[in-house]
Amino acid sequence: MSILAHSNVPQNFDSALPLGKALVLYVDRVMLNNFRSYESMELNVGASSVVLTGANGAGKTNLLEALSFLSPGRGLRQARLSDVNKLGAKSPWAVAGRVMTPEGMRQLGSGLVPRHELSSETSPDRRIGRLDGENLSSPAAFDEILQVAWLTPQMDRLFVEGASGRRRFLDRLVAAYHPTHTREVNAYEKVMRERGRLLSEGNADPVWVATLEGRMAEHGVAVAAARLDAIQKLGQAIMESQSAFPRATLSLGGELEEDLLIRPAVDVEGDFCERLIQTRQSDARSGRTSIGPHKTDLLVRHVDKNMPAELCSTGEQKALLIGITLASARLSATQFGAPPLLLLDEIVAHLDEKRRGFLFEELYDIGSQVWLTGTDKSLFEQMGKRAKFFHFEDGKVEEDK
Ligand SMILES: Nc1ncnc2c1ncn2[C@@H]1O[C@H](COP(=O)(O)OP(=O)(O)O)[C@@H](O)[C@H]1O
Ligand SMILES: [Mg+2]
């Protein structure tokens with residue numbers, strides 16, 4: 001039986017004893033099957049933050065990646081979904097989480113859809129979502145149950161690399177205050193691909209193309225409007241927050257978003273639709289859609305240094321990202337009704353003792369269940385009883401008592 005099929009697992013009330021501040025949302029238990037280095041594993045956590053320590057290659061990031069699949073998208077490594085399969089495994093990977101939420105215990109599951117169940121050989125990899133034992137058409141609905149945010153060493157290059165990484169980061173932030181945002185983004189991209197396909201085939205029915213462009217404009221403006229609203233709220237939250245991490249200003253580099261600042265949404269939508277019609281020929285030639293919210297960039301500045309993030313030092317950029325993530329978590333706690341699950345992979349090793357202390361204080365104050373990783377357990381001493389400590393060795397995970 002697949003681990004995704006478990007839905008009525010008895011609750012373990014002992015594990016809900018709060019360690020420190022009572023958490024309102026936490027992963028009580030996580031189970032993995034054929035997930036990267038894990039053939040099968042189960043971790044019972046309870047109402048507590050978690051510190052995972054172990055040598056390089058022990059499987060810490062793999063576990064955080066598994067948790068990141070309790071939100072829509074391709075997870076914290078942005079991996080190809082089939083690469084997540086344990087090498088040599090016969091059945092596809094699956095993750096299941098028993099999650100305590102303000103509405104009670106929920107069972108979330110996700111896993112790769114096997115090739116032979118896809119509609120055609122050339123279909124892209126897909127993963128399903130399961131909620132309380134029912135199949136979902138996509139994991140997008142997980143955003144309505146819990147929020148998951150993460151920081152990883154790969155994100156150190158977020159401000160200096162291309163816009164797509166920042167746009168993904170932005171859209172995860174937005175989803176914390178607009179739970180239907182991911183669905184809106186997916187819908188926009190789906191229609192955009194459909195239009196692109198029709199245009200590239202030539203001889204497309206203009207009426208059908210226009211219908212698709214109308215839908216693109218509708219979804220596109222909804223995406224842009226949600227981003228604008230989220231950025232404004234988050235910007236305000238950053239300015240009001242007391243944090244040991246530097247403050248950032250956020251803005252959006254995107255035509256639709258800029259247009260929405262000065263004109264009503266209906267006008268922006270009509271205009272976008274018109275421009276899609278005008279760019280049909282050039283889009284058909286280039287095989288790309290030249291305008292739209294799929295090109296938007298997130299622009300970040302370091303307030304105290306009055307400098308764009310990409311010109312700040314690597315350390316300052318990391319600190320800025322932590323600051324944004326903490327402010328967003330704080331805001332989503334009030335807007336969404338529960339703070340997000342926070343997956344912080346190898347974050348503390350770069351902070352001095354004082355900053356680490358501040359980070360742990362802020363995390364505690366936000367009330368998130370935090371999953372922290374590192375090679376050196378001593379760096380987490382200040383977490384004290386606020387976390388359960390697990391140690392990875394020889395492919396096994398053991399709790400340090
Ligand atoms: N698809 C896969 N199948 C089997 N092993 C994998 C797969 N992907 C990654 N691994 C292995 O998982 C191990 C643990 O990785 P990781 O979780 O990143 O370690 P760390 O504890 O340093 O974060 C690595 O040795 C890597 O080779
Ligand atoms: Mg790692």
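When segment 201-256 is filtered for residues that are of a type in the set (Lys, Arg) and without any contact (Cβ under 8 Å) to a residue 40 or more places away in the chain, only Arg215 remains. Among residues of segment 158-184 that are over 13 Å from Gly73 (Cβ atoms), those with a beta-carbon under 7 Å from a residue that is at pLDDT 95 or above and among the charged types (D, E, K, R) at least six positions away or on a different chain give the pairs Leu158/Arg166; Phe159/Glu310; Val160/Glu310; Ala163/Asp297; Arg166/Asp297; Tyr177/Lys233. Scanning segment 217-260 for residues that are among the small types (Gly, Ala, Ser), part of a helix (DSSP H, G or I) and within 18 Å of Ala333 (Cβ to Cβ) gives Ala230, Gly235, Ala237. The residues on offer are Leu326, Leu321, Leu331, and the sole one that is modelled with pLDDT under 95 and not assigned by TED's automatic domain parsing to the domain that holds Val27 is Leu331.
Taking segment 356-383 as the search range and keeping residues that are among the small types (Gly, Ala, Ser) and touching a residue at least 60 places away in the same chain (Cβ under 8 Å), which one is nearest to Asn33 (Cα to Cα)? Checked segment 356-383; the qualifying residue nearest to Asn33 (Cα to Cα) is Gly374. A residue that is at pLDDT 95 or above and within 16 Å of ligand 2 (Cβ to nearest atom) cannot be found anywhere in segment 11-31.
Of everything in segment 90-125, what is within 14 Å of ligand 1 (Cβ to nearest atom) and surrounded by fewer than 13 Cβ atoms within 10 Å (Cβ to Cβ)? Give them in sequence order. Residue satisfying the conditions is Lys90 alone.
Take the residues of segment 177-216 that are outside any helix (DSSP H, G or I) and more than 23 Å from the chain's Cα centre (by Cα): which is farthest from Ala237 (Cα to Cα)? Only one residue tops the list, namely Asn203.
Is there a residue being more than 8 Å from ligand 1 (Cβ to nearest atom), more than 24 Å from Ala141 (Cα to Cα) and in the same structural domain as Asn34 (by TED's automatic domain parsing) anywhere in segment 53-73? There is at least one residue in segment 53-73 that is more than 8 Å from ligand 1 (Cβ to nearest atom), more than 24 Å from Ala141 (Cα to Cα) and in the same structural domain as Asn34 (by TED's automatic domain parsing).
Take segment 361-388 and flag every residue that is surrounded by 22 or more Cβ atoms within 10 Å (Cβ to Cβ), within 16 Å of ligand 1 (Cβ to nearest atom) and among the hydroxyl-bearing types (Ser, Thr, Tyr). If the condition is that a residue be surrounded by 22 or more Cβ atoms within 10 Å (Cβ to Cβ), within 16 Å of ligand 1 (Cβ to nearest atom) and among the hydroxyl-bearing types (Ser, Thr, Tyr), then Thr373 is the only one that fits. Segment 353-401 holds strands (runs of 3 or more DSSP E) entirely within its bounds, and those carrying 2 or more residues that are within 23 Å of Gly59 (Cα to Cα) and modelled with pLDDT of 95 or more map to 370-374, 387-393. Across segment 340-352, the number of residues qualifying as part of a loop (DSSP other than H, G, I, E, B) and at pLDDT below 95 comes to 2. Considering only segment 139-150, I want to know if a residue exists there that is within 16 Å of ligand 2 (Cβ to nearest atom) and over 17 Å from Thr296 (Cα atoms). Yes, there is a match, as at least one residue in segment 139-150 is within 16 Å of ligand 2 (Cβ to nearest atom) and over 17 Å from Thr296 (Cα atoms).
The values are calculated or read from the model by the stated rules, or taken from the named source; none is laboratory data. In this text the structure is predicted, and so the values were computed from the model without any measurement. Neighbour counts run over all protein chains shown; Cβ positions are idealised from the backbone, glycine included.
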